[in-house]
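Notes follow the structure.
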Amino acid sequence: MGLGKVAVLDDEPGAVFLVKRTLSEFDVSGFTTSDEFLNSLDTGFDCILLDVQLDEMSGYEICRQLRAQRQTENVPVIFISGDTTLSGRIAGYEAGGDDFITKPFDINELQAKVRRILAQQGYRRELISTVEESRQAAFEAMTHSAEQGEIVRFMEQISFCNSQASLADALLTLLSGFGLKAVVAFWPNTEDVSDKAAYFALNSAVSELEIELLLSAQHERRIMEFGRRMIVNYPNASLLIKNIPDQDVSRYGRIKDHLCVLLSATEARVRMMKTEAKVKLQQVLLLTVTDVRAALAHIRDSQAEQIRSAADMRQDMVIDLQDQLLLLNLNASQEGGLFELIERYVAQIDDSYREALRWSDALQPIVKTLEDIVQRRMS
């Protein structure tokens, strides 16, 4: 809106008419009583012309009232007076006036002074607006910088999060610092049927309605907005914001950008935690397979040693038996039958050991297959 609203107060209607005619290029409101004038101040004037000599109170007194009110403390005031003395001008400036013009006034002088006053007022308002915009811009920049710092610290912090609960706590605490109430959902691994979705809120339980809302929106657009709520979706995590600042356009846009960055970092950490858990499980499986292979090798070595030991024992037994048979006075047929019986049972024992070895060998391909499966899952 341009500047040009002028008020003139003079108890002589003719003087008011003359001023309005002289300043016809502006929107001039004329008043002949101080009460009528003071009651109209809420309409907002850009310049005020005051006659000094009024019936009810002087123009100086009215000016002091204007300067005492926030609404009019900076509105320029030009006194119109027949008093041309220096003391009269000083009194006008002490009362808070901005300029002084004598009666009868010169038309060109009045027009020039009002134009100059309004131009200065326009410049002043433009300067105030610029300062305010600069202040607001500086505030926004400082706020944005502070928020960026918090986001950087969050990204550093989540590298140490090893559980969904600790990751959710870090994210929700940061959002709370931004003045946002939120619920975060972590979605299960489709390859693991035992894995379940998990929902977290800060210092409160997640309602069934919030869970249903997140589940329904899980496979929808990346960003969904409805009223003061917003859902941001990623494959492994979704975020429900319950109090988006939609009335503050600048902050709304900034927060929206922050949310995408934050959930993207959260998504990356969730994937990393799943990968870390998978690698850990695979390492355990690989160690288990290695242990089984080592145990089988030990059993095979033990069985081979037992077979060799049994062969040695059999030879020793034959020698000892031959010595003992001399004392029994057995004939050749009896000795042959006894040796045959012993040999048969010893052979059965050897067969048992060798059968165990064959079972151990048969397990080797199975162990190798398990080892290959684990290695492929790790690659």
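Every read-out reported here was derived from the displayed coordinates using simple, explicitly stated rules and does not represent laboratory data. It should be emphasised that the depicted structure is a prediction, and the values quoted were computed from it without experimental measurement. Glycine also receives a Cβ, built like all others from the backbone with ideal geometry; neighbour counts cover every protein chain displayed.
Beyond 20 Å, what share of the Cα-Cα pairs of segment 164-287 remains, rounded to the nearest whole percent?
So the portion of pairs separated by more than 20 Å is 44 percent.
Which value in nm describes the separation of the simple spin-label points at VAL206 and ARG115, placed 7 Å from the Cα toward the beta carbon?
7.1
Size of the dipole of segment 202-273 about the Cα centre, Lys and Arg at +1 and Asp and Glu at -1 on the beta carbon, nothing else charged, in debye to 20? All intermediate terms of the calculation are to be shown ahead of the outcome.
Details: 10 positive and 9 negative charges, 54 e Å.
Here segment 202-273 has a charge dipole of around 260 debye.
Taking the Cβ-Cβ separation of THR275 and LYS196 as r and a Förster radius of 22 Å, what is the calculated FRET efficiency to the nearest 0.05?
Result of the calculation: an efficiency of 0.70.
Placing one identical point scatterer on every Cα of segment 1-45 and ignoring solvent, what is log10 I(q)/I(0) from the Debye formula at q = 0.20, 0.23, 0.24, 0.27 Å⁻¹?
The calculated log intensity ratios at q = 0.20, 0.23, 0.24, 0.27 Å⁻¹ are -0.61, -0.78, -0.83, -0.98.
Ranked highest first by the average count of other Cβ atoms within 10 Å around their residues, in what order do 236-245, 338-347 fall?
236-245, 338-347
Which GluC sites (Glu not before Pro) does segment 31-66 hold that lie in a coil by DSSP with at most 14 other beta carbons within 10 Å?
Those that pass, being in a loop and sparsely packed, are GLU56.
Sticking with the crude label model, points 7 Å out along Cα→Cβ, report the distance from SER216 to ALA146 in nm, one decimal please.
About 3.7 nm separates the two model spin labels.
Report the FRET efficiency, 1/(1 + (r/R0)^6), for SER166 and ARG308, where r is their Cβ-Cβ distance and R0 is 56 Å, rounded to 0.05. Working shown, then result.
On the way: r = 58 Å, r/R0 = 1.04.
The value I calculate is 0.45.
Which FRET efficiency value, to the nearest 0.05, is calculated for THR84 and ARG125 with the Förster distance at 41 angstrom and r the Cβ-Cβ distance?
0.80
On each of the three principal axes of the Cα atoms of segment 17-89, give max minus min coordinate, whole Å, ordered largest first.
Principal axes ranked by extent give 33, 30, 22 Å for the Cα atoms.
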